[in-house]
């Protein structure tokens, strides 16, 4: 695309240089180099000692001004860019210039210094200039991607770690990008994000129980024990366990196996029908003692199912607005964050829907979680109180979550 669309300003500059000489039988070669300057994400924008991007902290005419339903003014600070050329940046710029002239000289087998000559019979410098810093630039890495929710803004799919159902689709998620022609990079990243979003509407297939695994669900709940409240039922003839009721909120209960397990690979499918749906897979559950269900929760591994990832604290008012990676789908609840959003879309009610596939590996004090074939938690370390033999359970909490094809292989 960029070969077919020349830069008009560059053509005018070359034409002007050629017309000032008698170079009718010469070939004019233009060289353009592109540099990069690295900002400091921790820079103080008020001090302006390093390149950085931030929101305007000063307010004023640059703000976006909006009004709420009560006609109260809401000011939204605009972003601004500070570009500072430091010694390291200047060194790179000088190296680019030197390399460009060396390349031109090498084309006609001349020493690198010959490219600056204005009298050589084979090679002459006829003009050009360097754009100053900030005259042409493209920002990137303002919403940089990564697997650590504490040190990156978006995950590997461009999904915001702490915001439900929001993505970035341009080079802002790319850690680094050259100053010129960043559009192909942005297009490639947009295609990557779009492909992931589309894949969320393809259900995980129902697979047979694999060799070495045993099924924990025979279509009934006769081999499971139930505790707490809420509706938990085996749907007749459907080989599905349904936990919760539509639009029901915070009705706590669970079922658990009668057999106990310590080290294992657990596989199961689940689907939800509302963005608020909240459930979980409980591992190494202890017996219920004098502490009741609270004691069970404190001494059980929970693999979370909650697309909003709300970190609920009873004494906090108001509750958190943004999601917590320690409390969203795939996280080891409160222990290891879900590093990416890999779940399928919320299913429509009374339709086939979009099943998700969990694979959970617990081996002594290590645990890993894969969701729909993607690593969501990589070998997180468990506290000592969670390294024990216990039951496998399913939680009933908010709205409806269904489960099927629950199987396990001890290791």
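The values are calculated or read from the model by the stated rules, or taken from the named source; none is laboratory data. For clarity, every value in this text was computed on a predicted model and none was experimentally measured. Heads up, the Cβs are rebuilt from the backbone with ideal geometry, glycines too, and the neighbour counts pull from every protein chain shown.
Tabulated values for the structure
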item	result
Residues (outside any strand (DSSP E or B) and surrounded by 13 or more Cβ atoms within 10 Å (Cβ to Cβ)) located in segment 348-357	353, 354, 355
Verdict on residue 212 being over 31 Å from the mean Cα position of the chain (by Cα), touching a residue at least 60 places away in the same chain (Cβ under 8 Å) and surrounded by fewer than 12 Cβ atoms within 10 Å (Cβ to Cβ)	yes
Count of segment 47-70 residues which are closer than 30 Å to residue 88 by Cα, surrounded by 10 or more Cβ atoms within 10 Å (Cβ to Cβ) and modelled with pLDDT of 65 or more	9
Test: residue 166 is loosely packed, with under 14 Cβ neighbours inside 10 Å and either outside the structural domain of residue 131 (by TED's automatic domain parsing) or modelled with pLDDT under 85 (or both)	yes
Filter pass, residue 185 being surrounded by fewer than 16 Cβ atoms within 10 Å (Cβ to Cβ) and either assigned by TED's automatic domain parsing to the domain that holds residue 166 or not in a helix (DSSP H, G or I) (or both)	no
Those strands (runs of 3 or more DSSP E) lying entirely in segment 258-325 with at least 2 residues within 26 Å of residue 390 (Cα to Cα), modelled with pLDDT of 95 or more and touching a helix residue (DSSP H, G or I) at 6+ places or on another chain (Cβ under 9 Å)	278-285
Answer from 222, 147 - the residue that is assigned by TED's automatic domain parsing to the domain that holds residue 259 and assigned to a loop (DSSP other than H, G, I, E, B)	222
Enumeration of residues in segment 76-87 that are free of Cβ contacts under 8 Å to residues at least 24 places away in the same chain and under 31 Å from the mean Cα position of the chain (by Cα)	76, 77, 78
Pick from segment 232-247, criterion in contact with a strand residue (DSSP E or B) (Cβ under 7 Å, 6 or more places away or on another chain) and in a loop (DSSP other than H, G, I, E, B), ranking: farthest from residue 260 (Cα to Cα)	244
Residue list for segment 360-385, filter: surrounded by fewer than 21 Cβ atoms within 10 Å (Cβ to Cβ), more than 18 Å from residue 307 (Cα to Cα) and touching a strand residue (DSSP E or B) at 6+ places or on another chain (Cβ under 7 Å)	361, 365, 366, 368, 378, 379, 380, 381, 382
Residue 360 within 16 Å of residue 278 (Cβ to Cβ) and not in a loop (DSSP other than H, G, I, E, B)	no
